[in-house]
Amino acid sequence: MSEQEQINEVLATDYQAGFVTDIESDTFPPGLSEETVRKISRMKDEPEFLLEWRLKAYHHWLTLETPEWAHVNYPEIDYQAISYYSAPKKKTDGPKSLDEVDPELLRTYEKLGVPLDERARLAGVAVDAVFDSVSVANTFQDKLAEDGIIFMPFSKAVHAHPELIKKYLGSVVSYKDNFYAALNSALFSDGSFVYIPKGTRCPMELSTYFRINAANTGQFERTLIIADDDAYVSYLEGCTAPMRDENQLHAAVVELVAHDRAEIKYSTVQNWYPGDENGVGGIFNFVTKRAACRGVSSKVSWTQVETGSAITWKYPSIILQGDNSTGEFYSVAVTNNMQQADTGTKMIHLGKNTSSTIISKGIAAGRSQNSYRGLVRVGPNAENARNYTECDSLLMGDQCGAHTFPYIEVKNPTAQIEHEASTSKISEDQLFYCKQRGLDADDAVSMIVNGFCKEVMRQLPMEFAVEAQNLLSLSLEGSVG
Amino acid sequence: MKMLEIKNLHASVGDKEILRGINLTINAGEVHAIMGPNGAGKSTLSNVLAGRDGYTITQGEVLYKGENLLELAAEERAQRGVFLAFQYPVEIPGVSNIYLLKAALNAVRKYQGLDELDAIDFLSLVRSKLDLVKMDEQFLHRGVNEGFSGGEKKRNEILQMALLEPSLAILDETDSGLDIDALKTVSEGVNGLRSADRSIVMITHYQRLLDYIEPDFVHVLSDGKIVKTGDKELAKELEKTGYSWVQQGQAE
Amino acid sequence: MKQITELATPFASISSDETFFGDDLPWLKSLRLKARTQFNNAGLPAKKEEDWKYTSLRPFARQQFNHGAKTQPLSVEQCNDYALLDDAYRFVIIDGVFSAELSKIDGLQAGLIIRPLSEAVDLIQPHLGQQVELTKPGFTALNTMMMSEGMAVTVDSNVKIEKTIELLVINSGESANLATHLRHVIVLADNSEATIIEHYLGLNADSSFTNTVTEVILAESAQLKHYKLQQESSKAFHIATLAAKQAAKSQWTTNSISLGAKLARNDVHTQLLGEQSHVVMDGLYLVDNDQHVDFHTRIDHTVANTTSDELYKGILNGNSHGVFNGKVMVHKDAQKTDANQQNHNLLLSRGCEIDTKPEMEIYADDVKCGHGSTVGQINADHLFFLRSRGLDEVSARSLLTYAFTADVLDRIDSELIRTALANVVEQRLPKPSI
């Protein structure tokens, strides 16, 4: 078998999170109008300010056009054909403890490797489990509350901490920001809310696990994380969806705010269903993620491992407002079969002595298209800004594409910006070397690819790193040889 | 026991025939040196034996422990005990040396029907081998050959050999690019691995290596054929007279 | 005239009954007509277009330019002073008009033809307009509809042209707000070699608009060394398209040095159409005050085994604005492509701005492609070292600024040309002001 045939064989594997949970749901009929927005707000018994904000977003969205600049192609989305809310039927008024959570849901998360019971406690990770449009379980809330840490579903936080929501919601990503952010602002159904008080180091990893289950629905979640002065939090996010022939829309917004000397570490393992080898089905993942390093010496670090979705359109960004603030973006994006990814970051340097690092590793196989798109902007008052960018692409097969679109805009003469990019094929010499030491093609590819991605993988918290490595190997199984 | 039998082996790259009828038998426990001028086909021979893509075998056969070697994939050969110490060991950024060693050892053990070694046993095994090639433990945690000097790369090859304990080791120009101290270290490492059930083939341009690793047989490869076989004295003769007489002999 | 962009065309009138050379030739007339239709429909490119994201044509659109000019006669001595090289073929265009008196194109080497475009229509018919895209909004269409003169060069097979050809385009300033639309066509047949310098010069500080399109056709194994030096006035608008098609084994070296103009926009593009073709695409931009310089480069690797090597460097001073957008496109099946692109920028003062965008689009897998881009200032350690060796700060900065340009200039292999260009660059080096 030739090297290429072996690559192809390694690449052909099944998506392992593709099962459907059989559960009764309350689902809105498809369609989008002002009434849809009102209905979502009503279901959640939201305060007036939030409804108003949603409506402003909705009306603004109506004036926008679908962005077309990304290097992706897909059929036009019919926003009237999507259902904007689906939630498992609940017996009580939201889960108060795990005992009240439908066992079917617990089994679903168990199967996905996200146990919500005692084992989770042992792992020391607090989990918010979002199933379609609602949060179905939220562990460790009470324990965290002892330290004054708020970690709860967004819909609950709206009632428990309206002043915080009012203050921070939309303060990083305005509803006017872009087409999908406007759509999300109008329609978001749930998500996670985190507040770490001054001087507090969050004692455990916080994590949200997003699951799309219902057919024909869009998921619009909203995450808001605030780290007050001198606070620290590490937050993880995972996503999966069943295998379905239709495309499903996922348009999330994530806002992070880091105050003086605060640090937020946000890690994502994105494994939405990517569609089959012919590009049928899969999630359209159109996500706006942005952090504001508002305080002096604050720090935000995004780490993402993107293996899923039919289409990914995602640029976790950092606005470096505070003097001496630091931004980091570490990304691995793997595309296989017919997947398309257009992902990268924006580093906006505004404060003095700010620095940013971008490490992006793209791996394209099959007939996929994998683009890095990034912006490094240095404002006129951003004295001594530093950026280092490294983006490398690895190609596996002659039907795929790897593209690099970096934008560097500098308006301050004290800036030092360095950008490097490379694109090459997976090395046959390396493959042969590993095989000569007895490794089969799959193991050799997986080893070399993991090595290629190591700088990024080592940024992930331990619990996630193992999962991410496995995912990487699985996504590329059958791709080399 | 016959370790390796090469019978009338012809191999080409594209349209060009490089090996033109090699015959060679190597018994267990023997050390053979294959010498020859540049372009004689030395590296082709080692690559063909290890199963690298890009070569077409047009005639002949190769038996390894009586089994048809050429039918096996590169990793299957490795798992059965064929080891190639590369002339130019490749760098694999981000993959730590120790990870590769462990994966390779476990691949071989799996073929042998043995359980994988656990981390502790593995580490103590590797440590015991490090001394053999005078390598510092920190090398284990660096990327495979990443930023290694020429000598370090070659020592790393011998370390892998020591760990994997192959039946047939092919050392391709292992002496090239080594200073005298590194050459001694590498040679001592190889000598320490000589045993009655292991055969070693050294492919080299220069006689120098043979001062340190004494071969039982010396073959001269020229223009894709073995043109002369002798003992270590043959190598010394070559050192004095060079390869030109071999090539002249061919032309006649 | 219908405009779909918000920008008006800055010409009092482009009357549809204006006449141009070649109007008697149906093919040329129809090409001009096609261009006119295109330009009338699409007009000038607006900022919302990705290719014009960082370059606004508003200052340009606010001007009024005239066609038709009085020309200022120059003496041979004056012309010698302006020219970069003495011992070279020389083709002189003053205020858009070819000057036979000042040109030195007699006694050409056998196999070489140099003619004014207006007298070379037969020669260039198969090539004209083949290297450029008319369909994009903007200046290529305008140039095609309005082209009034230019230099046509052809070199026969197996002929190696010994002398450099210097195209000297002078704006005398005699006519205010003069617009010129020049079209140059360079055709090298199999296995031929030539060296050509395009040299643009403004003699006073008035506003003018130079719109040039240079088309380069390299047949198999042809080698062209091409240099461009742009030193027009600080009120000039310079818009240039340089586009090549390269057959197998051809080699094109091009180096554009942009010093002048209020707004200079250069589109440099080559298509590597035959195996083992190779391009070296270099450039240097030095701007000051409120100058704006924009380089858009594109290299299309369309077949296997082609290579490209690109190095652009910029020095920005004052309130100047630099733009670099380099695109390397590796098409499907263009295996074994080796492409390297570098863009490095030195910022010398508060108020300047650089926008750089090195892009790669790769649709083949067995490739080696890389790019690097940096923005920075003079290295403090280097500065300190020189000062510790006794240089004063101003001299040390000048030296280091000059050193920054060195690797671009060093890649010019003719010593004569390198020295000539290096002298011009050295004089133009901004005096660092931090």
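Is it true that A:I363 is at pLDDT 95 or above, more than 7 Å from chain C (Cβ to nearest Cβ) and open to solvent by less than 20 Å² (accessible area, probe 1.4 Å)?
When the stated conditions are applied, A:I363 does not pass them.
For the range C:367-374, indicate whether the set of residues that are in a loop (DSSP other than H, G, I, E, B), over 26 Å from C:S56 (Cα atoms) and within 13 Å of chain A (Cβ to nearest Cβ) is non-empty.
Looking through the range C:367-374, at least one residue is in a loop (DSSP other than H, G, I, E, B), over 26 Å from C:S56 (Cα atoms) and within 13 Å of chain A (Cβ to nearest Cβ).
Under 6 Å by Cβ, and 6 or more places apart or on different chains, what pairs join a residue from the range A:447-473 that is within 14 Å of chain B (Cβ to nearest Cβ) with one that is open to solvent by 70 Å² or more (accessible area, probe 1.4 Å) and part of a helix (DSSP H, G or I)?
Hits for this filter: A:N450/A:Q469.
I'm told C:T71 meets every condition in (1) open to solvent by less than 20 Å² (accessible area, probe 1.4 Å); (2) farther than 30 Å from C:A422 by Cα except one. Can you identify the failing condition by its number?
If we test C:T71 against (1) open to solvent by less than 20 Å² (accessible area, probe 1.4 Å); (2) farther than 30 Å from C:A422 by Cα, just (1) comes out false.
Among the residues of the range C:301-324, how many are open to solvent by 10 Å² or more (accessible area, probe 1.4 Å) and out of contact with any Cys (no Cβ under 8 Å at 6 or more places or on another chain)?
The total comes to 8.
Condition check: facing another protein chain (nearest Cβ under 7 Å), modelled with pLDDT of 85 or more, within 30 Å of A:I264 (Cα to Cα) and touching a helix residue (DSSP H, G or I) at 6+ places or on another chain (Cβ under 9 Å). Does A:G438 satisfy that?
no
Are any residues in the range A:377-406 at the interface with chain C (Cβ under 7 Å from one of its Cβ atoms) and surrounded by fewer than 20 Cβ atoms within 10 Å (Cβ to Cβ), and if so, which ones?
Answer for the range A:377-406, where residues must be at the interface with chain C (Cβ under 7 Å from one of its Cβ atoms) and surrounded by fewer than 20 Cβ atoms within 10 Å (Cβ to Cβ): just A:D398.
Filter the range B:178-206 down to the residues that are open to solvent by less than 20 Å² (accessible area, probe 1.4 Å) and in a loop (DSSP other than H, G, I, E, B), then identify the one that is farthest from B:P166 (Cα to Cα).
Among residues in the range B:178-206 that are open to solvent by less than 20 Å² (accessible area, probe 1.4 Å) and in a loop (DSSP other than H, G, I, E, B), the one farthest from B:P166 (Cα to Cα) is B:L178.
Please find, among C:R397, C:R387, C:R418, the residue that is under 23 Å from the mean Cα position of the chain (by Cα) and either more than 9 Å from chain A (Cβ to nearest Cβ) or of a type in the set (K, R) (or both).
C:R418
Please state which one of B:D131, B:D115 is farther than 24 Å from B:L209 by Cβ and among the charged types (D, E, K, R).
B:D115
So how many residues does the range C:236-291 have that are closer than 18 Å to C:L429 by Cα, charged (D, E, K, R) and in the same structural domain as C:Q63 (by TED's automatic domain parsing)?
1
Which one is surrounded by the most Cβ atoms within 10 Å (Cβ to Cβ) among residues in the range A:137-156 that are under 21 Å from the mean Cα position of the chain (by Cα) and among the small types (G, A, S)?
That would be A:A137.
For (1) within 8 Å of chain A (Cβ to nearest Cβ); (2) out of contact with any Asp or Glu (no Cβ under 8 Å at 6 or more places or on another chain); (3) of a type in the set (F, W, Y), each residue gets a yes or a no:
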{"site": "B:L49", "(1), (2), (3)": "no, yes, no"}
{"site": "B:T58", "(1), (2), (3)": "no, no, no"}
{"site": "B:E67", "(1), (2), (3)": "no, yes, no"}
{"site": "B:V90", "(1), (2), (3)": "yes, no, no"}
{"site": "B:K102", "(1), (2), (3)": "no, yes, no"}
{"site": "B:L114", "(1), (2), (3)": "no, yes, no"}
{"site": "B:I120", "(1), (2), (3)": "no, yes, no"}
{"site": "B:L125", "(1), (2), (3)": "no, yes, no"}
{"site": "B:L130", "(1), (2), (3)": "no, no, no"}
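Within the range C:292-332, track down each residue that is among the small types (G, A, S), over 17 Å from C:R428 (Cα atoms) and assigned to a strand (DSSP E or B).
C:S308, C:G326
Could you list, in sequence order, all residues of the range B:218-232 that are under 19 Å from B:G21 (Cα atoms) and outside any loop (DSSP other than H, G, I, E, B)?
B:V218, B:H219, B:V220, B:L221, B:S222, B:K225, B:I226, B:V227, B:K228, B:T229, B:G230
Every residue, every condition in (1) within 20 Å of A:H419 (Cα to Cα); (2) free of Cβ contacts under 8 Å to residues at least 24 places away in the same chain; (3) not small (G, A, S), yes or no:
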| position | (1), (2), (3) |
| --- | --- |
| C:L272 | no, no, yes |
| C:H278 | no, no, yes |
| C:Q291 | no, no, yes |
| C:N305 | no, no, yes |
| C:L311 | yes, no, yes |
| C:I315 | yes, no, yes |
| C:F324 | yes, no, yes |
| C:H331 | no, no, yes |
| C:A334 | no, no, no |
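Yes or no: the range A:58-79 includes at least one residue that is more than 30 Å from A:A341 (Cβ to Cβ) and modelled with pLDDT of 85 or more.
There is at least one residue in the range A:58-79 that is more than 30 Å from A:A341 (Cβ to Cβ) and modelled with pLDDT of 85 or more.
Filter the range A:10-66 down to the residues that are in a loop (DSSP other than H, G, I, E, B), aliphatic (A, V, I, L, M) and touching a Ser or Thr at 6+ places or on another chain (Cβ under 9 Å) and list them by number.
A:A12, A:A17, A:I23 - these are the residues of the range A:10-66 that are in a loop (DSSP other than H, G, I, E, B), aliphatic (A, V, I, L, M) and touching a Ser or Thr at 6+ places or on another chain (Cβ under 9 Å).
Go through the residues of the range A:270-293 one by one and say whether even a single one is closer than 12 Å to A:P316 by Cβ, modelled with pLDDT under 90 and not in a loop (DSSP other than H, G, I, E, B).
yes
Could you list, in sequence order, the residues of the range C:377-434 that are at positive phi and either buried (at least 17 other Cβ atoms within 10 Å of the Cβ) or touching a Pro at 6+ places or on another chain (Cβ under 9 Å) (or both)?
Those that are at positive phi and either buried (at least 17 other Cβ atoms within 10 Å of the Cβ) or touching a Pro at 6+ places or on another chain (Cβ under 9 Å) (or both): none in the range C:377-434.
Quick check on this structure: which one of B:D131, B:D175 is in a loop (DSSP other than H, G, I, E, B) and of a type in the set (D, E, K, R)?
B:D175
Listed here are the residues, each with its yes/no results for (1) crowded, with 24+ Cβ neighbours inside 10 Å; (2) out of contact with any Pro (no Cβ under 8 Å at 6 or more places or on another chain).
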residue	(1), (2)
A:D276	no, yes
A:G282	yes, no
A:V296	no, yes
A:V305	yes, yes
A:G322	yes, yes
A:G327	yes, yes
A:M338	no, yes
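Taking the criterion of being surrounded by 15 or more Cβ atoms within 10 Å (Cβ to Cβ), at pLDDT below 90 and in contact with a helix residue (DSSP H, G or I) (Cβ under 6 Å, 6 or more places away or on another chain), would at least one residue in the range B:157-173 satisfy it?
No, because not a single residue in the range B:157-173 is surrounded by 15 or more Cβ atoms within 10 Å (Cβ to Cβ), at pLDDT below 90 and in contact with a helix residue (DSSP H, G or I) (Cβ under 6 Å, 6 or more places away or on another chain).
So C:L346 clears everything in (1) assigned to a strand (DSSP E or B); (2) over 23 Å from A:A385 (Cβ atoms); (3) open to solvent by less than 30 Å² (accessible area, probe 1.4 Å) except one condition, right? Which one?
Checking C:L346 against (1) assigned to a strand (DSSP E or B); (2) over 23 Å from A:A385 (Cβ atoms); (3) open to solvent by less than 30 Å² (accessible area, probe 1.4 Å), the one that fails is (2).
Kindly provide the set of residues from the range B:79-88 that are among the hydrophobic types (A, V, I, L, M, F, W, C) and either open to solvent by less than 10 Å² (accessible area, probe 1.4 Å) or more than 9 Å from every other protein chain (Cβ to nearest Cβ) (or both), ordered by number.
Residues satisfying the conditions are B:V82, B:F83, B:L84, B:A85.
Please list, ordered by residue number, the strands (runs of 3 or more DSSP E) wholly in the range C:220-274 having 1 or more residues that are under 30 Å from C:D288 (Cβ atoms) and among the β-branched types (V, I, T).
Qualifying strands (runs of 3 or more DSSP E): C:236-246, C:251-258, C:263-272.
The values are calculated or read from the model by the stated rules, or taken from the named source; none is laboratory data. None of these values were measured; they are calculated from a predicted model. Every residue, glycine as well, gets a Cβ built from its backbone with ideal geometry; the counts of neighbours run over all protein chains shown. Ligands, DNA and RNA are stripped out before the accessible areas are found, and what is left, the full protein with its side chains, is counted by its heavy atoms. Shrake-Rupley method; radii C 1.70, N 1.55, O 1.52, S 1.80 Å.
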